[in-house]
């Protein structure tokens, strides 16, 4: 390869996260997307699955079986849970030693047994688990030198963890009740009863209350002192997650302390916007690369809210943020406008 | 049977039109719904398929195979196209001679061959076609004495025909361009790609442009002098149809003439509301039993708009209106509040 | 008056709650709506403010100054907060001694001083406060004999109180975190920045977090042992409230105990539907007269959810329920279909 | 000025088109936005009016009275109709001779008298009208050498004109019925009765039927042989315009001819996507810089549909396209991803 630009490929790029990743990569100033695979769309132009991209790229979906990993400096995998681990294992077995960023849940948890409990499958490549770093950049970066494999966090996990972590690390024990709403794109591109328009419009529906599969990755990040009760809710929109948490504070913690916790935690984080004394609105974060976090302290308790786009900060944008970090670029490259020199 | 109330049954009542028909029948002052069948829901309370009805009725879906038509004074069929004709034929072969109101397309067209062209099936009971009256009450009632079988019109056909007919009957040849938008409940209760929330929200999508299967029933009502170009569009809402038509007027026709045509056509029709000089809004007709019609004349052309709820005036409400007419009740019984005596 | 039907009037009937009250009263089998006042719409047909009612009633808005209370057996007031108390005081000063049901907040709180704190006005008729009964029928009815004045509860207060009360009365101290979402009709018929379509669509926005004005009426019902932290949220729909609460249970309380609490509390309540072990969906309650309540117990905590239509069970439907109770009718008369005799 | 980048300013940048223009300019690789004025927001960061921009720029709204045009190579004006002409006249009177792109209607029509008829104001600077080029790039570019002033087309006018023009120029007389739907952002950022959420959701409402103020600019482009009947409709979404037109074709025109007309008209237009034989969907054009155009020919008539984002191709994106053309850049610069070299 003699190209100067970093070359990247996307496996299983016909779904919603794939489409968003392609859109963002096409606009990235330092990365070149050279291949996107899809078994069902092989041979079709990308816009067949992602009509918004028509006129923006001439790329054609390639057959997964014909994919040559040696051409790629980095690979994103946007396959379904369970399938990603197999794909990754095959790539590595074939000698791929570039950057691998997996957007599924398959490498997020540190113990293989958790997959049986939470995802109902036996992990096909438990040996690989420890070779992936959990990729929530604001809390996990800088990654250890040599890190080449990232498990990109879940959409709910991203928001909940970012919202709670600044408090959790100052409390021996944290007890949080969290409820968070997600848009219909979170359920994927395949029609389901829960995303049928007459069912979803004007509706609110809790699901997997207190047992959502993102809980173990949140727990992993917040540590054993944290107890999280989480109620996910389906909301009547397409893009974005909005949540709020109620947390008792230890005696003696003042509002100014909490303000300092959050200010310090995200001081140098271009993709977290802070709203002290307020709860953020969803619409400012939807279609953006940010996670917005706001909080207020009252009567010894912390109320903290968050908002993000589930497909961007909750998936594809964060994957690019991780790629940027691994290849030494500013983390928001391709996600935020470049500073304009005067 | 010694009940004083008219007893009615609904076959295949687990879909959207079934649900709306049950809701309306439960509130009907002179009709008693005594059975609703569904193969997939047999033995379940009605609210399992129609959760809004919980707490409003103790009825349980019955098995279609156990249904006894002899118990019913009238029967509604809300089966899919193609299936209804088989059901009706079986009922009649078994000797049912009560009122039969079919909400499918199976008895709307007067020639069996049209079903092959427009619905892609061979009609299973062509002999029965002539025994059904087309049931657009404002234009077809009073039905001939002895009428016991009604083919309830299609949702688009109801609005388009009611909007155009008062003009069509005054014109030897009428040439109309019609575009009409429908909500997602028009596609039924089963999830589809076109009713997937992220696809439908904020979207407009034309489909079956110039070849929608309701054209032949519209044509049948308006007569051979009418040429209709019809573009149906999927809109981002659940309930209601809204359309507009552009029609050249014969020389010498004035706005006052057109006003008189519409005033005369619907003078005694409690379920058509007229808006001379304006186009109606969808939201006033949605969730109502009305078809709203408005029009304006400019530069020798007629612009006519219409709005209706696809499940009520476009299906279940109209079916009840037909039942009322056949059993000698005021046509809006159970659909509009009764006049309040002073 | 020699009419046999109960005669009722509605003051300030041009808003959303007024429109819904008219719709319900027109369908009520035992009550006759004979007058609706509105200063801005006087002389206009009701459908000018409520276009959905066109074709359903010939009533015309009357001038508030010409309203004759002596004609009415009962009066509903749907005026704004602060204005209702003046209207009620004037009616009573003029000798009206029929039933008075106020849908504003003006008679809900038992101490006049609370209005300065929570509603920012000095109560104009503090002497009247004790003559009104708080009208949450499931908890407050049967009303004391002779009760003729009802303060109809707030929309959020209805759902939150009904959801928490069965637990609160079994706990000396209850600590609840509640978040509840409301549709845009809750903000009234006048356009505002928060109900501007591009702002509201696809958005989630918390407001008055921990300081909503319905808190004191909730507190009044639940008693001094209850601590309620309440976060209201604006949701992207028009009709309905959906909420969820997180509550620690006293040691030793089992799921079966909680089931029994709710079963007992609402055993004879036709307008509360119970969902043990689940959280209800909004869409089944929207456009219905019900408050739906569901709950689950896990790890010593109670999670309870509720759903209601803010304009029906949260306002106009509940007002009719109250009228029914005061005049000796079954409470759901005009709200649910009558039981159908076999 | 010694900056290498082109410097641009935006006057009256607090509305929806202003917000979108800022977003696009911040991402433009060759243009630097150095000032945005707003009387009501002067001194505030841009994100106060456009919260989505928080974290993306440090720019602060400047006071219009303190604006120094000499700093700018180009100026965009996003003021209201009537106000723009005064602003432009003042800038020119002060000697500004850079590029001026006005997004209002004030310089679109070639005769001052039309403003009294269609916009109800007397044009304050009729002498300037002829100095502005109408800026529909696909039809009007390349602009005459030396062109420095552009009247950016209206949102409906952009779509309708682009959809009809390839046919119109091949027909001596064209008679078209057009109906087009627009989202609520088209009405601006100020709340109105027609953008009140409970009114807009699930609704369809025609307005200014046959008399919309974009008709004269469409007519100006299509020429006196074209007769356009145009029915605009308010749709229940925030972003995008979707329309369809019905046009009789001259005798002897075949589908292949029409295909060739459209192919030829937009062969080199990167921001028009063509869909021969189909009508485009709205959602692929919403949030994009494209105008999508699709058509079909049947029975001697042309059915042509179009879709665009009203704020991008219908306003701000097109304004940037015009700037690109005037300063010698590829027209899609900053609007589409740059071609990625292999």
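Within region B:113-124, work out how many residues are in a loop (DSSP other than H, G, I, E, B) and farther than 25 Å from residue B:321 by Cβ.
Residues flagged as in a loop (DSSP other than H, G, I, E, B) and farther than 25 Å from residue B:321 by Cβ within region B:113-124 amount to 5.
For region A:256-284, which residues satisfy the criterion of being away from chain C (no Cβ under 14 Å), assigned to a loop (DSSP other than H, G, I, E, B) and within 20 Å of the chain's Cα centre (by Cα)?
Once the filter is applied, which keeps residues that are away from chain C (no Cβ under 14 Å), assigned to a loop (DSSP other than H, G, I, E, B) and within 20 Å of the chain's Cα centre (by Cα), region A:256-284 yields A:266, A:268, A:269, A:270, A:271.
Among the listed residues B:227, B:195, identify the single one that is over 24 Å from residue D:306 (Cα atoms), modelled with pLDDT of 95 or more and within 13 Å of another protein chain (Cβ to nearest Cβ).
The unique qualifying residue is B:227.
Yes or no, residue by residue, for (1) part of a loop (DSSP other than H, G, I, E, B); (2) crowded, with 19+ Cβ neighbours inside 10 Å:
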{"residue": "C:56", "(1), (2)": "yes, yes"}
{"residue": "C:65", "(1), (2)": "no, no"}
{"residue": "C:81", "(1), (2)": "yes, no"}
{"residue": "C:86", "(1), (2)": "no, no"}
{"residue": "C:90", "(1), (2)": "no, no"}
{"residue": "C:100", "(1), (2)": "no, yes"}
{"residue": "C:106", "(1), (2)": "yes, yes"}
{"residue": "C:111", "(1), (2)": "yes, no"}
{"residue": "C:145", "(1), (2)": "yes, no"}
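Does residue A:72 satisfy being over 18 Å from residue A:327 (Cβ atoms), outside the structural domain of residue A:179 (by TED's automatic domain parsing) and either surrounded by 16 or more Cβ atoms within 10 Å (Cβ to Cβ) or touching a strand residue (DSSP E or B) at 6+ places or on another chain (Cβ under 7 Å) (or both)?
No; evaluated as a whole, the condition is false for this residue.
Anything in region D:4-26 that is closer than 15 Å to residue D:320 by Cβ, in a loop (DSSP other than H, G, I, E, B) and modelled with pLDDT of 95 or more? List them, or say none.
D:13
In region B:285-322, which residues are at the interface with another protein chain (Cβ under 8 Å from one of its Cβ atoms) and surrounded by 24 or more Cβ atoms within 10 Å (Cβ to Cβ)?
Hits for region B:285-322 are B:286, B:288, B:290, B:305, B:307.
Can you tell me which residues in region B:132-173 are more than 30 Å from residue B:257 (Cα to Cα) and in contact (Cβ under 8 Å) with a residue 24 or more places away in the chain?
The answer is B:132, B:147, B:148, B:149, B:150, B:151, B:152.
Go through (1) without any contact (Cβ under 8 Å) to a residue 40 or more places away in the chain; (2) over 30 Å from residue C:130 (Cα atoms); (3) touching a strand residue (DSSP E or B) at 6+ places or on another chain (Cβ under 8 Å) and name the single condition residue C:52 misses.
Result: residue C:52 passes all but (3).
Among the residues of region A:244-255, how many are more than 9 Å from chain C (Cβ to nearest Cβ) and within 20 Å of the chain's Cα centre (by Cα)?
1
Please work out which one of (1) facing another protein chain (nearest Cβ under 10 Å); (2) in contact with a strand residue (DSSP E or B) (Cβ under 7 Å, 6 or more places away or on another chain); (3) under 30 Å from residue C:49 (Cβ atoms) is the condition residue C:202 fails and give its number.
Result: residue C:202 fails condition (2) only.
Can you tell me how many residues within region C:13-45 are within 12 Å of chain B (Cβ to nearest Cβ) and either touching a strand residue (DSSP E or B) at 6+ places or on another chain (Cβ under 8 Å) or farther than 24 Å from residue B:309 by Cβ (or both)?
Qualifying residue count for the region: 11.
How many residues does region A:142-153 contain that are within 30 Å of residue A:305 (Cα to Cα) and in contact with a helix residue (DSSP H, G or I) (Cβ under 6 Å, 6 or more places away or on another chain)?
So the count comes out to 2.
Could you list all residues from region C:285-316 that are part of a strand (DSSP E or B), under 21 Å from residue A:246 (Cβ atoms) and either in contact with a helix residue (DSSP H, G or I) (Cβ under 8 Å, 6 or more places away or on another chain) or touching a residue at least 12 places away in the same chain (Cβ under 8 Å) (or both)?
C:293, C:294, C:295, C:296, C:297, C:301, C:302, C:303, C:304, C:305, C:306, C:307
Being touching a helix residue (DSSP H, G or I) at 6+ places or on another chain (Cβ under 8 Å) and at pLDDT 95 or above narrows it down to one residue among C:139, C:129; which is it?
Values: C:129 fails: touching a helix residue (DSSP H, G or I) at 6+ places or on another chain (Cβ under 8 Å).
Testing whether each residue is touching a helix residue (DSSP H, G or I) at 6+ places or on another chain (Cβ under 8 Å) and at pLDDT 95 or above leaves just C:139.
The values are calculated or read from the model by the stated rules, or taken from the named source; none is laboratory data. Everything numeric here is computed off the predicted structure, so don't read it as measured data. Cβ coordinates were reconstructed from backbone atoms using ideal geometry, including for glycine residues, and neighbour counts include every protein chain displayed.
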